[in-house]
Amino acid sequence: MSQKTITLTSDFGIKDFYSAVVTGRLLSLKPDLRIVTVTHQIQPYNIYEASVIVRNTWSSFPDGTVHLVLVNSTSDHHVIQVAIQYKNHFFIGPDSGIFGLIFEDKPEKIIALGDSSETESTFPELELCTSAAVKLAEGAAIDTLGTSISALLDTVPFKPTIEKNAIKGMVIYMDNYHNVITNITKKMFDKMNTSNKYTIRFGKYFTQKISPTYNYAPEGELVAVFGSTGLLEIALYKSSAKSLLGIRVNDVVRIEFE
């Protein structure tokens, strides 16, 4: 059997012991694991930031990779832990609403991990998720890990909405280059864009053009693109959209169609 990979994305940070304990537990259960840390520096409880990171990374890994996504939406540990099969990959973590932000389609399988007594644990990411991840890496069928459920926790209030001839979305993330990433998908845009005439508005600024890539715009000029994950991004090419336009996470972004 080929060596399987487990990725780690969390809001544990690098100061405390949590990330090391999870990594140590994985290696204790299966010493020959290949573990790849995506990041432990997600802002605490920020599932929107985490969803952008995971959306941009998971498909770059080989089929069969297990992705531990250990970010909760609140400090409440009483959410269920789930294992998900999606396009030949596996995802494990708290059902905090994050997975609905990552996947474009409904997953093939969703399994609630453990029983009711186990889900009362103060650190279920360590006690449930690591065990499930290792079993999947060893080739276990996902159905053996728990009970099948039909749906994940929805994040409808934080998904784009359609208002007559407009899409209303929001800024969910800013990357290290201060490019602004929204929750508006290309799939939704293409469905609404019947005349190819539209205006993208955010605060007092607007643009009426979506470029193929960032470098289609002169330096310092406003540019909108659909990134590799299919999310609308807004930037000032080689400048900071955050500082120059005053855009912040949770700000409203509207696309109005003619």
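The values are calculated or read from the model by the stated rules, or taken from the named source; none is laboratory data. Being a predicted model, the structure only gives us computed values, none of them experimental. Positions of Cβ are backbone-derived with ideal geometry, glycine not excepted, and every protein chain shown enters the neighbour counts.
I want to confirm something. Restricting to region 27-39 and keeping residues that are of a type outside the set (D, E, K, R) and either in a loop (DSSP other than H, G, I, E, B) or assigned by TED's automatic domain parsing to the domain that holds residue 172 (or both), which single residue is surrounded by the fewest Cβ atoms within 10 Å (Cβ to Cβ)?
First, the residues of region 27-39 that are of a type outside the set (D, E, K, R): 27-29, 31, 33, 35-39.
Narrowing the set further to residues that are either in a loop (DSSP other than H, G, I, E, B) or assigned by TED's automatic domain parsing to the domain that holds residue 172 (or both) leaves 31, 33.
Working: 31: 7, 33: 19.
The selected residue is 31.
Would you call residue 180 at pLDDT below 90, on the phi < 0 side of the Ramachandran plot, touching a helix residue (DSSP H, G or I) at 6+ places or on another chain (Cβ under 7 Å) and not assigned by TED's automatic domain parsing to the domain that holds residue 103? I'd like the intermediate steps shown before the answer.
Values: at pLDDT below 90: yes; on the phi < 0 side of the Ramachandran plot: yes; touching a helix residue (DSSP H, G or I) at 6+ places or on another chain (Cβ under 7 Å): yes; not assigned by TED's automatic domain parsing to the domain that holds residue 103: yes.
Taking the combined requirement at face value, the residue satisfies it.
Determine which member of the set 42, 53, 92 is buried (at least 16 other Cβ atoms within 10 Å of the Cβ) and in a strand (DSSP E or B). So that I can check it myself, show each step before the final result.
Working: 42 fails: in a strand (DSSP E or B); 53 fails: in a strand (DSSP E or B).
Being buried (at least 16 other Cβ atoms within 10 Å of the Cβ) and in a strand (DSSP E or B) holds for just one of 42, 53, 92, which is 92.
Six or more apart or on different chains, Cβ atoms under 6 Å: show the pairs whose first residue is in region 32-47 and closer than 25 Å to residue 135 by Cβ and whose second is crowded, with 19+ Cβ neighbours inside 10 Å and among the aromatic types (Phe, Trp, Tyr).
40/12
Failed condition for residue 147, given (1) within 30 Å of residue 34 (Cα to Cα); (2) touching a residue at least 60 places away in the same chain (Cβ under 8 Å), with all others met?
(2)
Working carefully through the options 237, 198, 214, find the one that is modelled with pLDDT of 80 or more, more than 22 Å from residue 101 (Cβ to Cβ) and either of a type in the set (Val, Ile, Thr) or surrounded by 14 or more Cβ atoms within 10 Å (Cβ to Cβ) (or both).
Details: 237 fails: modelled with pLDDT of 80 or more; 214 fails: modelled with pLDDT of 80 or more.
Answer to the selection: 198.
Determine, yes or no, whether residue 9 is assigned by TED's automatic domain parsing to the domain that holds residue 125 and at pLDDT 95 or above. Can you show your working first?
On the way: assigned by TED's automatic domain parsing to the domain that holds residue 125: yes; at pLDDT 95 or above: yes.
Spelling it out, residue 9 is indeed assigned by TED's automatic domain parsing to the domain that holds residue 125 and at pLDDT 95 or above.
Scan region 8-15 and give yes if some residue there is among the aromatic types (Phe, Trp, Tyr) and not in a strand (DSSP E or B), otherwise no. Reasoning before the result, please.
Pass one, region 8-15, residues among the aromatic types (Phe, Trp, Tyr): 12.
Narrowing the set further to residues that are not in a strand (DSSP E or B) leaves 12.
Within region 8-15 (the criterion being among the aromatic types (Phe, Trp, Tyr) and not in a strand (DSSP E or B)), the answer is yes, since at least one residue qualifies.
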